[in-house]
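A.B. asks: My structure is below; once you've seen it, I'll send some questions.
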Amino acid sequence: MSWLHLLILSPFIYTILIPFLYKSFRRIHTGWFVLPLPLILFACLIKQVKIVAKGSVLSYVARWIPSLGIDFVVYLDGLSLMFGLIITGVGALVVLYSVFYLAKEREALHNFYVYLLLFMGAMLGLVFAENVLVLYLFWELTSISSFLLIAFWYQRKSSCYGAQKAFMITVAGGLAMLAGVLLLANITGTFSIQEMISQFSLIRNNPTFIAAMLLLLLGAFTKSAQFPFHIWLPDAMEAPTPISAYLHSATMVKAGIYLIARFTPIFGGSMLWFWLVTGVGLLTLFWASLVAIRQVDLKAMLAYSTVGQLGLIICLLGIGSAAFYYGTGVTEPLYTTAILAAIFHLVNHSTFKGCLFMVVGIIDHEAGTRDIRRLGGLLNIMPVTFTLAVIGGFAMAGLPPFNGFLSKEMFFTGVLNASQFGIFHLETWGKLIPVVAWIASIFTFVYCLIFVTRPFLGKHHPQKLEKITREAHLGMLISPALLASLVILFFFFPNDLAKYILYPTMAAILPGFTAIDSGLGPIRAWHGWTPELFMTLGVVTAGLVVYFAFRKWPRIIRLPSRFTWNALYDGILEKTEELSGRVTGSYMTGRLRDYLIYIFVGFIILTAGTMVINGSFAFDLTTNSPVLFYEFVLFFVVIGAAVLVLRGRTRLASVVALGVVGYLIAGFYVILRAPDLALTQIVVETVTTVLFLLCLYFLPRWNEEKPEGFRRFDFVIALGVGLTVTSLALAASGNNLFDSISWFYEQAYELAGAKNIVNAILVDFRGFDTMFEILVLCIGGLGVHTLIKLYLEGRKTK
Amino acid sequence: MKSNDVILQTVTRLMTFIILSFAVYLFMAGHHNPGGGFIGGMVFAAGIVLLLLAFDLKTVRAGFPLDFKFLAAGGVLLALGTGIASIFFGRQFLSHSFGTFHLPLFGETELATAVLFDVGVALAVLGTALSIIFDIREDISIWKH
């Protein structure tokens with residue numbers, strides 16, 4: 001356990017305190033208690049920036065399941081540090097914002113902050129994990145906490161729908177990713193990402209290379225809401241706005257980007273990877289910015305814009321992956337600019353999009369709606385919010401003096417470079433990349449403009465709003481204002497950011513990269529009359545034309561609702577449910593007899609089948625101990641009691657006879673000198689018999705059943721079970737397929753300090769089994785409780 | 001279901017103490033002799049079942065004003081906690097240790113962390129068994145009316 005492990009686990013540990021803090025201090029907003037944690041974590045990580053900027057990498061190991069090669073290894077390099085800073089930094093701002101956004105009187109704050117911390121820990125674990133299985137574990141945990149957070153207002157149907165959709169899509173992708181990393185682990189024989197990277201040539205020559213790549217990308221694309229899996233993100237906007245700002249724009253949706261960046265050294269340089277990552281990213285950017293301009297809900301507009309911006313970053317990473325075409329990665333600026341642009345835009349996106357989401361939250365909170373058809377003229381009422389919206393919106397549009405301008409220009413450089421690579425058929429198809437990127441940028445510009453102008457300019461219509469609008473509380477403005485100041489700060493000092501954050505991150509993606517001889521010049525706002533600048537000017541001009549013409553346009557781009565991806569998702573969900581309902585209905589008949597038949601037939605087939613395959617019917621009775629007189633007596637009495645169970649005239653008689661069978665079995669244990677078993681058997685038998693007698697109350701009146709004649713099928717099954725068990729018992733001593741392990745348990749006194757071997761096995765040697773057994777017991781008890789309580793409540797309401 | 005069996009009630013009053021003490025003994029003995037958490041918890045539950053047979057639900061409830069579900073959950077958590085605690089001592093999950101200590105009154109005594117785990121087992125078994133029995137019993141008393 002190192003400080004980095006503690007850093008990852010601290011949010012999980014802190015969640016335990018939250019419900020108690022919430023209950024004991026109802027008058028203080030729970031968010032105030034949560035706030036220090038991300039701040040401290042952020043400070044811890046900031047301290048590492050200088051160390052990492054010098055090129056060192058920190059790695060710590062905690063043994064977890066060493067027998068399977070799974071260790072909780074954490075790895076701090078530029079890439080994970082950058083993500084860590086975003087997670088904790090934006091996390092702190094979001095917590096501060098939520099204090100003013102969620103009213104302490106109405107909302108279930110303890111749930112909210114427990115989920116939030118759960119997510120924060122999971123996300124930190126995800127980016128710092130060095131072991132692919134640990135990475136997967138945290139990956140799914142982010143999906144789960146995202147599900148909980150989207151469904152925070154679970155009374156709303158749309159929240160539940162959005163949560164389910166997000167969960168289904170991201171978890172399905174996560175499973176694909178698991179398969180992908182397992183394939184990689186199978187090729188390389190290790191679960192460590194760094195060791196995998198060092199064996200990249202082995203992976204590239206393996207036939208499962210393509211499959212592993214596709215599966216891994218499926219995970220990344222679903223998580224980062226790439227086309228056509230983007231449909232979950234707009235529905236996820238049902239979450240409270242701080243959550244949308246945090247999970248669905250700044251952190252969780254970037255996990256897919258993290259995954260792509262992390263595995264670029266392995267897959268980069270292959271043509272399929274280049275075209276898939278670049279193509280899907282570009283298509284997503286294009287599609288999402290086209291859809292975004294049609295949105296009337298501000299949050300939905302931001303959701304689509306997030307999808308598009310993520311596509312932009314992924315597209316850049318795809319272009320940059322060409323650097324690996326020549327072995328371990330060349331570091332010429334021709335290739336590396338794209339990667340730098342991707343990282344730079346990722347950081348910028350976290351700042352301006354976080355700010356914009358908080359602005360929407362403020363509008364929603366103060367005006368009671370996010371519909372741009374009802375909003376207007378808020379400029380005079382909310383001047384501060386408007387300023388923040390302008391900063392965030394123009395940064396997203398790519399205008400100076402905001403950081404988005406710099407990364408947008410670098411984006412253009414990156415896509416222009418792509419056509420000069422001279423590999424992967426880029427000399428022909430590569431021309432298309434800048435064109436599509438440019439058109440998408442126009443639409444990006446348009447929706448940014450809509451976002452900034454529609455709610456704030458024009459005429460204010462108080463009659464369309466449910467409440468009187470005011471400027472937001474100061475506390476709510478702090479977080480977006482801080483982010484907005486970063487937006488401007490990064491514009492003026494991009495090279496400091498590059499030195500401490502961006503270049504170390506590049507070094508983590510490109511193994512040979514160093515900031516000094518990278519050939520990348522300093523990031524400059526003005527770099528002459530370059531094609532990039534003309535592209536930006538073109539975007540602004542064309543964007544303004546589209547913006548003013550757009551109002552007069554009819555809704556041209558509208559697919560019939562039957563052919564949308566959403567309809568496909570809903571259809572698949574519905575059909576799957578129907579199918580599984582039909583399949584389950586066909587064998588779950590509700591008749592106990594049928595279920596017993598399944599169980600017994602399954603038992604016979606599995607057990608007798610195994611015995612036949614292994615040829616285990618060689619009965620060796622020589623080592624058996626002689627059967628004593630008492631045992632004969634017990635044997636016949638047990639058989640007599642068993643017959644009585646079946647032939648009993650009343651239920652009571654049958655239950656008592658069943659108890660007799662149980663006690664007599666205990667008698668066998670006594671004779672065979674197993675006092676622990678005997679004790680357990682007697683006690684369990686007593687309690688179950690009493691329970692059984694109590695339950696007799698509920699059974700309907702006993703009707704003397706007329707014998708239905710001889711049931712041949714039942715007879716065969718009964719005979720089969722009897723024969724199987726008997727031959728199993730006889731074969732047990734004759735087939736020593738494995739060496740005995742009992743010698744280990746005989747050392748109970750030396751190993752566990754216990755003279756009672758049975759108990760030493762239960763609590764020490766096989767403690768894991770026992771733990772799960774009591775867990776199952778506990779769950780069973782809860783099940784009984786729920787059944788009875790539900791039934792009783794049902795009766796009461798009648 | 002109010003029972004008026006005087007003989008049963010009288011015997012139960014006496015027997016319950018013996019059974020419950022025996023349960024505690026079985027639990028404590030488990031480390032070196034037959035017994036242990038599971039058996040101890042089960043015998044304890046059996047003792048309370050006897051009380052339930054002899055007296056009505058209300059009386060027994062008053063004697064054990066506990067929510068047994070929490071008892072069961074607490075047991076599982078305790079067992080889990082002993083497992084996790086070993087991680088903090090740099091050992092693997094669920095590894096136990098033991099040693100002999102000199103305690104006042106008891107003299108040389110062997111103490112083992114496995115016993116803590118066993119307490120969890122006993123509580124889980126006891127809690128689950130009683131929770132089920134009380135639930136069914138309660139159900140019957142409502143059913144009757």
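Just so you know, all these numbers are worked out from the coordinates, no wet-lab data involved. Given the structure is predicted, the values throughout are model-derived calculations rather than measurements. Quick reminder, even Gly has a Cβ in these numbers, built from the backbone with ideal geometry, and neighbours come from all protein chains shown.
A.B. asks: Based on the Cα atoms of chain A, what semi-axes does the equivalent ellipsoid have, where each is the square root of 5 times one gyration tensor eigenvalue, given in whole Å with the largest first?
C.D. replies: Taking √(5λ) for each eigenvalue gives 61, 33, 26 Å, largest first.
A.B. asks: Same structure again: Could you state the number of Å between the C-alpha centres of the range A:577-608 and the range A:651-729?
C.D. replies: After rounding, the separation between the Cα centres reads 23 Å.
A.B. asks: Counting only GluC sites (Glu not before Pro) that sit in a DSSP loop (anything but H, G, I, E, B) with at most 13 other Cβ atoms within 10 Å, what is the longest stretch of chain A containing none of them?
C.D. replies: A:106-465
A.B. asks: For the range A:53-121, what Kirkwood radius comes out of the mean inverse Cα-Cα distance, in Å?
C.D. replies: The answer is 15.0 Å.
A.B. asks: I want to make sure I understand the PRE zone here: with the label point 7 angstrom from the Cα of A:Leu457 toward its beta carbon, which residues in the range A:346-372 have backbone N atoms less than 15 Å away?
C.D. replies: Answer for the range A:346-372: none.
A.B. asks: May I ask you to sort A:Ser740, A:Ser59, A:Ser580 by Cβ crowding, counting other Cβ atoms within 10 Å and putting the fewest first?
C.D. replies: A:Ser740, A:Ser580, A:Ser59
A.B. asks: Among A:Phe263, A:Phe534, rank each residue by its count of other Cβ atoms within 10 Å, from fewest to most, as a rough exposure measure.
C.D. replies: Final ranking by Cβ density, sparse to dense: A:Phe534, A:Phe263.
A.B. asks: In nm, to one decimal, how far is the modelled label at B:Ala29 from the one at A:Thr610, with both set 7 Å along Cα→Cβ?
C.D. replies: 3.6
A.B. asks: So what J values fall out for the range B:119-130 if you push phi through Karplus, 6.51 cos²θ - 1.76 cosθ + 1.60 with θ = phi - 60°, rounded to Hz, Gly and Pro as x?
C.D. replies: Here the 3J(HN,Hα) series is 4, x, 4, 4, 5, 5, 5, 4, x, 5, 4, 5 Hz.
A.B. asks: What FRET efficiency would be calculated for the residue pair A:Leu182, A:Leu214, taking the C-beta separation as r and a Förster radius of 22 Å, to the nearest 0.05?
C.D. replies: E(calc), rounded to 0.05, equals 0.95.
A.B. asks: Under the 0.36 nm per residue contour assumption, what length would be gained going from the current alpha-carbon distance of A:Leu691 and A:Tyr595 to full extension?
C.D. replies: 32.3 nm
A.B. asks: Let me ask another. Quantify how strongly other chains surround peptide B:26-35 by giving the mean number of their Cβ atoms within 10 Å of each of its Cβ atoms.
C.D. replies: 5
A.B. asks: Same structure, new question: Where in the range A:59-77 is the amide nitrogen less than 17 Å from a point lying 7 Å along the Cα-to-Cβ axis of A:Leu9?
C.D. replies: Under 17 Å, as judged by backbone N against the label point of A:Leu9, lie A:60-66, A:70-75 of the range A:59-77.
A.B. asks: Evaluate the distance, in nm, between pseudo-label points positioned 7 Å from the Cα of A:Trp429 and of A:Glu471 along their respective Cα→Cβ axes.
C.D. replies: According to this spin-label approximation, the distance is 5.4 nm.
A.B. asks: Rounded to the nearest 0.05, what FRET efficiency do A:Ile671 and A:Asn736 give with R0 = 25 Å and r taken as the Cβ-Cβ distance? Could you check?
C.D. replies: It comes out at approximately 0.50.
A.B. asks: Rounded, prolate or oblate: pick one for the range A:706-798, where a ≥ b ≥ c are the square roots of the eigenvalues of its C-alpha gyration tensor, a/c under 1.5 means rounded, and failing that, prolate if a/b is larger than b/c, else oblate.
C.D. replies: Since a/c reaches 1.5 but b/c is at least a/b, the shape of the range A:706-798 is classed as oblate.
A.B. asks: Let me know the Rg and Dmax you get for the range A:1-114 when you use only its Cα atoms, in Å.
C.D. replies: Calculated on Cα positions, Rg and Dmax stand at 16.8, 50 Å.
A.B. asks: Turning to a different aspect of this structure: Average partner chain C-beta neighbours within 10 Å, per residue of B:107-120?
C.D. replies: Averaged over the peptide's residues, the number is 3.
A.B. asks: Viscosity 0.890 mPa s, temperature 25 °C: Stokes-Einstein D of the range A:268-557 from its Kirkwood Cα radius, in µm² per second?
C.D. replies: 125
A.B. asks: Sticking with this structure for a sec: Counting only other chains, what is the mean number of Cβ atoms within 10 angstrom of the Cβ of each residue in peptide B:122-132?
C.D. replies: 5
A.B. asks: With θ taken as phi - 60° and the coefficients 6.51, -1.76 and 1.60, list the Karplus ³J(HN,Hα) couplings across the range A:71-85 in order, rounded to whole Hz; mark glycine and proline as x.
C.D. replies: 10, 7, 8, 10, 9, 10, 10, x, 4, 6, 5, 4, 5, x, 5
A.B. asks: To make sure I understand, if each residue's beta carbon is the centre and we count other beta carbons within 10 Å, what order do A:Tyr115, A:Tyr97, A:Tyr630 fall in, fewest to most?
C.D. replies: The fewest-first ordering by Cβ neighbours comes to A:Tyr630, A:Tyr115, A:Tyr97.
A.B. asks: Could you give the distance between the Cα centres of the range A:406-431 and the range A:178-196, to the whole Å?
C.D. replies: 32
A.B. asks: Dividing the Cα radius of gyration by the Kirkwood radius, what Rg/Rh value follows for the range A:208-251?
C.D. replies: For the range A:208-251, the value is 1.13.
A.B. asks: Further question: Measuring from centroid to centroid over Cα atoms, what is the spacing of the range A:72-112 and the range A:461-495 in Å?
C.D. replies: 19
A.B. asks: Considering the zone a paramagnetic label at A:Phe629 would reach in this model (a point 7 Å from Cα along the Cα-to-Cβ line), which residues of the range A:664-699 have amide N under 20 Å from it?
C.D. replies: A:667-673
A.B. asks: How compact is the range A:351-493 by the rule of thumb for globular proteins, expressed as Cα Rg over 2.2 N^0.38 Å?
C.D. replies: Taking the Cα Rg and dividing by 2.2 N^0.38 Å, one obtains 1.27.
A.B. asks: In addition: Pull out the extension gain between A:Phe710 and A:Val643, defined as 0.36 nm times the separation in residues minus the alpha carbon to alpha carbon distance; nm, one decimal.
C.D. replies: Full extension from A:Phe710 to A:Val643 adds 22.4 nm.
A.B. asks: Å³ per residue of the Cα convex hull, for the range B:6-144?
C.D. replies: Residue-normalised Cα hull volume stands at 130 Å³.
A.B. asks: What FRET efficiency comes out for the pair A:Ala729/B:Ser21, r = Cβ-Cβ distance, R0 = 30 Å, nearest 0.05?
C.D. replies: Efficiency for this residue pair is about 0.15.
A.B. asks: Just the C-alpha atoms of the range A:744-798: what Rg/Rh do they give, with Rh taken as the Kirkwood radius?
C.D. replies: On the Cα set of the range A:744-798, Rg over Rh gives 1.41.
A.B. asks: If you take the Cα Rg of the range A:248-383 and divide it by 2.2 N^0.38 Å, with N the number of residues, what do you get?
C.D. replies: Normalised Cα radius of gyration, the range A:248-383: 1.26.
A.B. asks: Shifting gears a bit: Just grab the label-to-label distance for A:Leu621 and A:Asn495, each label 7 Å out from Cα along the Cβ direction, in nm (one decimal).
C.D. replies: Placing both labels 7 Å along Cα→Cβ, they lie 9.5 nm apart.
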